[in-house]
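What follows is a set of notes on a single structure, which appears directly below.
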There are 2 protein chains.
Amino acid sequence: MPSAITDETTWVTTEVPGPLSKQKIAALNKVFDARAVHFVVDYEKSHDNYIVDVDGNKYLDVYSQIASIPVGYNNPTLIAAAKSPEMISALVNRPATGNFPSENWFALLTEGLLRVAPKGHNQLFTAQSGSEANELAYKAAFMYYQRQKRGEGVEWSDHEIESSLHNTTPGSPDLSILSFKNSFHGRGFGSLSTTRSKAVHKLDIPSFDWPHAAFPALKYPLEDNAEANKAEEEASLREVEELITTWPNPVAAVIVEPIQSEGGDNHASPAFFQGLRSLTKKHGVLLIVDEVQTGFGATGKFWGHDHWNLSTPPDMVTFSKKAQTAGYFFGDAKLCPDKAYRQFNTWIGDAARVLLCNAVIDEILKRNLVEQTAQVGEQLYAALEQVAAKYPDRVHNLRGKGQGTCIAFDTINAAGLVKKMKSLGVNIGVCGKETVRLRPMLIFEAELVPKLVGTLEKAILAT
Amino acid sequence: MPSAITDETTWVTTEVPGPLSKQKIAALNKVFDARAVHFVVDYEKSHDNYIVDVDGNKYLDVYSQIASIPVGYNNPTLIAAAKSPEMISALVNRPATGNFPSENWFALLTEGLLRVAPKGHNQLFTAQSGSEANELAYKAAFMYYQRQKRGEGVEWSDHEIESSLHNTTPGSPDLSILSFKNSFHGRGFGSLSTTRSKAVHKLDIPSFDWPHAAFPALKYPLEDNAEANKAEEEASLREVEELITTWPNPVAAVIVEPIQSEGGDNHASPAFFQGLRSLTKKHGVLLIVDEVQTGFGATGKFWGHDHWNLSTPPDMVTFSKKAQTAGYFFGDAKLCPDKAYRQFNTWIGDAARVLLCNAVIDEILKRNLVEQTAQVGEQLYAALEQVAAKYPDRVHNLRGKGQGTCIAFDTINAAGLVKKMKSLGVNIGVCGKETVRLRPMLIFEAELVPKLVGTLEKAILAT
């Protein structure tokens, strides 16, 4: 649609949501909580970077289903995968994968997901959501911790076995996972205990007494605040060490996002993450990197933590969203529990979604979309820098340089700005308190930068 | 395959697992925990009630992927759904359903899942697994509890908001869910805290300090033990009431399976469940019925709790497995939280799996499979009664009369018996300590009863 790129006014012809969306939202809300619906989508008409609603409005989509559409709507490679005999079988003959895997499960993993396994990782456990992936990683960490403590090959005691069924120690130990302030790791009871971004997610839900440390609050532009930011990161690392050594419930693992996304697109330097790796190694604590939002190329590298140049890899890396499936990678065979059936469930992911994931990977590799995202990200960042220079009170703390298209900025009245952008044909998201976050797909191209940045400027002037 | 029914010896020609399965398990185990694999499956060759492994062995499958295959392998109605344009779109354009639902989402629910909503339920929240469905129901219960306590329309206090981010009271309250001994409700940190079946699932994993009551341990045959069983159920109900009124962490909900499945196929009478409904009503505690294994017709009624004749419906009903998707149904609008985004996640289920679920429902209704399951269950139970009479030491505590094909019995060396049955061409599962559980599909027909029961008898004689 290059010809339409500069002609936003023809894209959205109704208020947003439009009358048909409104009618459908009202109907849906009677049977399904539809209060957070932005608009109702005509996915048949949506294509590539563009989403079309039921009122016929068309938007450049740089929110991408909360950062989860990898290679565009109605992508032909994905459609071919969806029509394949393997997909039909995976859909209609859904296996209990841990008991009765399909003949092609091994190939699906080794010729699929394991092609892009993080450095140092050669095993995985599949799941269905980012929340589940994180919780499975926590469980692996807890079992690993107790295995080390118990001693290799030492059998479970009767007291451990019996107490575990009563949810009491020692069978059900008071261990913890350390996370960071403003983090988001999901909404299960374990993952939510590590999520610290917003009360709306957590309030009224019982949680574990687990520790959290401050995540560095960097000052921008980075080049003018090097010293203060270094001190900030060191303070955070000191707090992590303090918590690891003093928290009453021993810390089995630390979980961290390469970029805190839901919590406000907060970044830290490679030095910070290197420090975290050193600290966790020093204290025998596992490091879990939550790549649910950053994995699969969005940062201009396949994995967000590829930017860190770690001397030893993270112990586990979780993924979901753009992968269209979920799970965690690991390298150490001891992260596989001591007995079968301990890390287990009926389906252990969904082979149908793994097949789709493999098509996503094919498309990423074939079209060099990670490299493209790195390049387009540079251009996008440069264009936004100009907007920030022009309207410093409306675009400040611009961040994400060198992080692909994972770019964000703070503003005033983010909700109003984003609403205006929608009416001008750009679907874009918010996070944190007053932050606009860009989450275009990996197929976002340089020629779309003017449409996006031009619309932002128009919205700034109009609000 | 009627001609082959009595000719088991031609079905399995290798040891189980066979050489090819073994080879594939060993390869898979290097990248994926394959220690619980029974055999590797050729799903292309599997059909209807029959599963075929990569060594060419064919089994009558009455385990059905841990009770999760509803209407047979390669079911034509499901294949048609898998090939539909709606499915292709749901696969390749996976929406963040809470923000950008597809045009057909409302119809998918109202013309699909809501057709079979439990009595008194007219709303639902979709999920991806039974574990997740149960945890979402717990979260709904906790938010409901706090909403009642806070008072309708009362805003959250700053102290509540702030403390929730620190995982401390009052924002993160010490509330609990009551479950039963030997129950299985899943493996997330919340659902696992209510699971009490086996240490292998729970050991080393931190859990919440939640209460559990004894589930009635009925004596069989029921007709000879009416008085003792009544006393047993009353004792359990007394314990439930005692726990609700004295447990330090207030009980927001009770969760119960219509038949405790993983925990040993333990049944209770309608009177017990009626008592549970009365008790929970009396104390303002919600009742969640976990129909993950019993829902979708397996008990000879669409929902297991349809057998109970409750005066008021359960507050929430969770489902998964045979539904091929998951979620919870509810009736009271207040189980929808006070604000948007509280019960939320990126995908909120998977429309592709909901489409498949709707095809399952079509098939169940069109072929009257619930009624068929009720009838075949009667015949199957009668045939097993004869085996039990013949070999009382090998088949005892036969149970599940009138509960469709959810039939089970205790034996000695269940693992050995089941292994022998596999070698004779029947894939069958175990649960609890020494229990064989039958979980045929809904298409299990009367003509298959002799094959199943005959094989059992042969296996008894051979072990």
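The values are calculated or read from the model by the stated rules, or taken from the named source; none is laboratory data. In this text the structure is predicted, and so the values were computed from the model without any measurement. Methodologically, a virtual Cβ is constructed for each residue, glycine included, from the backbone with ideal geometry; neighbour enumeration extends over all protein chains shown.
Could you check region B:277-295 and list, in sequence order, the residues that are out of contact with any helix residue (DSSP H, G or I) (no Cβ under 7 Å at 6 or more places or on another chain) and more than 19 Å from B:Leu335 (Cβ to Cβ)?
Passing the criteria: B:Ser278, B:Lys282.
Give the residue, chosen from A:Lys83, A:Lys22, A:Lys58, A:Lys30, that is farther than 24 Å from A:Ile361 by Cα, under 28 Å from the mean Cα position of the chain (by Cα), modelled with pLDDT of 95 or more and among the basic types (Lys, Arg).
Answer to the check: A:Lys58.
Looking only at residues that are β-branched (Val, Ile, Thr) and under 21 Å from the mean Cα position of the chain (by Cα) in region B:334-370, which one is farthest from the other protein chains (Cβ to nearest Cβ)?
Taking the candidates together, the pick is B:Val370.
List the pairs whose first member sits in region A:343-360 and is over 16 Å from A:Lys322 (Cβ atoms), whose second member is among the acidic types (Asp, Glu), and whose Cβ atoms are under 7 Å apart, counting only residues at least 6 apart or on separate chains?
Within 7 Å, the pairs are A:Gln343/B:Asp33.
If A:Val430 passes every condition in (1) surrounded by fewer than 22 Cβ atoms within 10 Å (Cβ to Cβ); (2) β-branched (Val, Ile, Thr); (3) touching a residue at least 24 places away in the same chain (Cβ under 8 Å) but one, which one does it miss?
(3)
If only one of A:Lys219, A:Lys321, A:Lys301 is crowded, with 20+ Cβ neighbours inside 10 Å and closer than 25 Å to A:Leu384 by Cα, which one is it?
On the way: A:Lys219 fails: crowded, with 20+ Cβ neighbours inside 10 Å; A:Lys321 fails: closer than 25 Å to A:Leu384 by Cα.
None of the other options fit; the residue is A:Lys301.
Could you give me the residue pairs with C-beta distances under 6 Å whose first residue belongs to region B:93-107 and is touching a residue at least 24 places away in the same chain (Cβ under 8 Å) and more than 7 Å from chain A (Cβ to nearest Cβ), whose second residue is in a loop (DSSP other than H, G, I, E, B) and not hydroxyl-bearing (Ser, Thr, Tyr) wherever it lies, and which are 6+ apart or on separate chains?
Once the first residue is touching a residue at least 24 places away in the same chain (Cβ under 8 Å) and more than 7 Å from chain A (Cβ to nearest Cβ) and sits in region B:93-107, its partners that are in a loop (DSSP other than H, G, I, E, B) and not hydroxyl-bearing (Ser, Thr, Tyr) give B:Thr97/B:Ile348.
Inspect all residues belonging to region B:446-463 and state whether any of them is within 24 Å of B:Ser183 (Cα to Cα) and touching a Phe, Trp or Tyr at 6+ places or on another chain (Cβ under 7 Å).
no
Applying the selection to region A:52-69, what residues are in contact (Cβ under 8 Å) with a residue 40 or more places away in the chain and either on the phi > 0 side of the Ramachandran plot or facing another protein chain (nearest Cβ under 7 Å) (or both)?
A:Gly56, A:Ser64, A:Ile66, A:Ala67, A:Ser68
Could you please find all residues in region A:198-226 being assigned to a helix (DSSP H, G or I) and either closer than 19 Å to A:Gly400 by Cα or modelled with pLDDT under 95 (or both)? Walk me through how you get there before you give the answer.
Pass one, region A:198-226, residues assigned to a helix (DSSP H, G or I): A:199-202, A:222-224, A:226.
Within region A:198-226, A:Leu222, A:Glu223, A:Asp224, A:Ala226 qualify.
Scan region B:160-180 residue by residue and report those that are more than 7 Å from every other protein chain (Cβ to nearest Cβ), touching a Pro at 6+ places or on another chain (Cβ under 7 Å) and within 30 Å of B:Glu257 (Cα to Cα).
B:Ser176, B:Leu178
Confirm whether A:Phe272 is within 14 Å of chain B (Cβ to nearest Cβ) and modelled with pLDDT of 95 or more.
no
Condition first: among the hydroxyl-bearing types (Ser, Thr, Tyr) and under 22 Å from A:Pro221 (Cβ atoms). Can you find one or more residues in region A:413-426 that meet it? Explain how you work it out, then say what you get.
Start the filter on region A:413-426 by keeping residues that are among the hydroxyl-bearing types (Ser, Thr, Tyr), which leaves A:423.
Checking which are under 22 Å from A:Pro221 (Cβ atoms) leaves us with none.
No, every residue in region A:413-426 fails to be among the hydroxyl-bearing types (Ser, Thr, Tyr) and under 22 Å from A:Pro221 (Cβ atoms).
Kindly indicate whether B:Thr373 is in contact (Cβ under 8 Å) with a residue 60 or more places away in the chain, in contact with a Gly (Cβ under 6 Å, 6 or more places away or on another chain), part of a helix (DSSP H, G or I) and surrounded by 24 or more Cβ atoms within 10 Å (Cβ to Cβ).
So B:Thr373 passes the test.
For region B:268-278, state whether one or more residues are out of contact with any Leu (no Cβ under 9 Å at 6 or more places or on another chain) and in a loop (DSSP other than H, G, I, E, B).
Checked against the condition, which is being out of contact with any Leu (no Cβ under 9 Å at 6 or more places or on another chain) and in a loop (DSSP other than H, G, I, E, B), region B:268-278 yields no hits at all.
Within the group A:Arg399, A:Arg394, A:Arg437, which residue is crowded, with 18+ Cβ neighbours inside 10 Å, under 22 Å from A:Phe39 (Cα atoms) and of a type in the set (D, E, K, R)? Talk me through it step by step, then tell me what you get.
Details: A:Arg399 fails: under 22 Å from A:Phe39 (Cα atoms); A:Arg394 fails: under 22 Å from A:Phe39 (Cα atoms).
Result of the check over A:Arg399, A:Arg394, A:Arg437: A:Arg437.
When A:Gln148 is evaluated against the numbered criteria (1) touching a Gly at 6+ places or on another chain (Cβ under 9 Å); (2) surrounded by 16 or more Cβ atoms within 10 Å (Cβ to Cβ); (3) of a type outside the set (D, E, K, R); (4) more than 7 Å from chain B (Cβ to nearest Cβ), which criterion, by number, is the only one it fails?
(2)
Would you check if B:Ala199 is surrounded by fewer than 24 Cβ atoms within 10 Å (Cβ to Cβ), without any contact (Cβ under 8 Å) to a residue 12 or more places away in the chain and touching a Gly at 6+ places or on another chain (Cβ under 8 Å)?
Judged against the criteria, B:Ala199 is a match.
If you go through region B:157-197 one residue at a time, how many are outside any helix (DSSP H, G or I) and over 16 Å from the mean Cα position of the chain (by Cα)? Steps first, please.
Of region B:157-197, the ones outside any helix (DSSP H, G or I) are B:157, B:166-188, B:195-197.
When the remaining residues are screened for being over 16 Å from the mean Cα position of the chain (by Cα), the result is B:157, B:166-178, B:181.
Result for region B:157-197: 15.
Does A:Ala213 meet the test of being surrounded by fewer than 20 Cβ atoms within 10 Å (Cβ to Cβ) and free of Cβ contacts under 8 Å to residues at least 60 places away in the same chain? Show your work before the answer.
Working: surrounded by fewer than 20 Cβ atoms within 10 Å (Cβ to Cβ): no; free of Cβ contacts under 8 Å to residues at least 60 places away in the same chain: yes.
Judged against the criteria, A:Ala213 is not a match.
Can you pull out every residue in region B:385-403 that is under 23 Å from the mean Cα position of the chain (by Cα) and either aliphatic (A, V, I, L, M) or assigned to a helix (DSSP H, G or I) (or both)?
The one that is under 23 Å from the mean Cα position of the chain (by Cα) and either aliphatic (A, V, I, L, M) or assigned to a helix (DSSP H, G or I) (or both): B:Leu398.
Which one of these does B:Arg196 not meet: (1) in contact with a Ser or Thr (Cβ under 6 Å, 6 or more places away or on another chain); (2) within 12 Å of another protein chain (Cβ to nearest Cβ); (3) farther than 25 Å from A:Ala141 by Cβ?
Single failed check for B:Arg196: (3).
Among what's in region B:20-40 and is within 15 Å of A:Ile348 (Cα to Cα) and among the small types (Gly, Ala, Ser), pick the residue that is surrounded by the most Cβ atoms within 10 Å (Cβ to Cβ).
Among them, the one singled out is B:Ala34.
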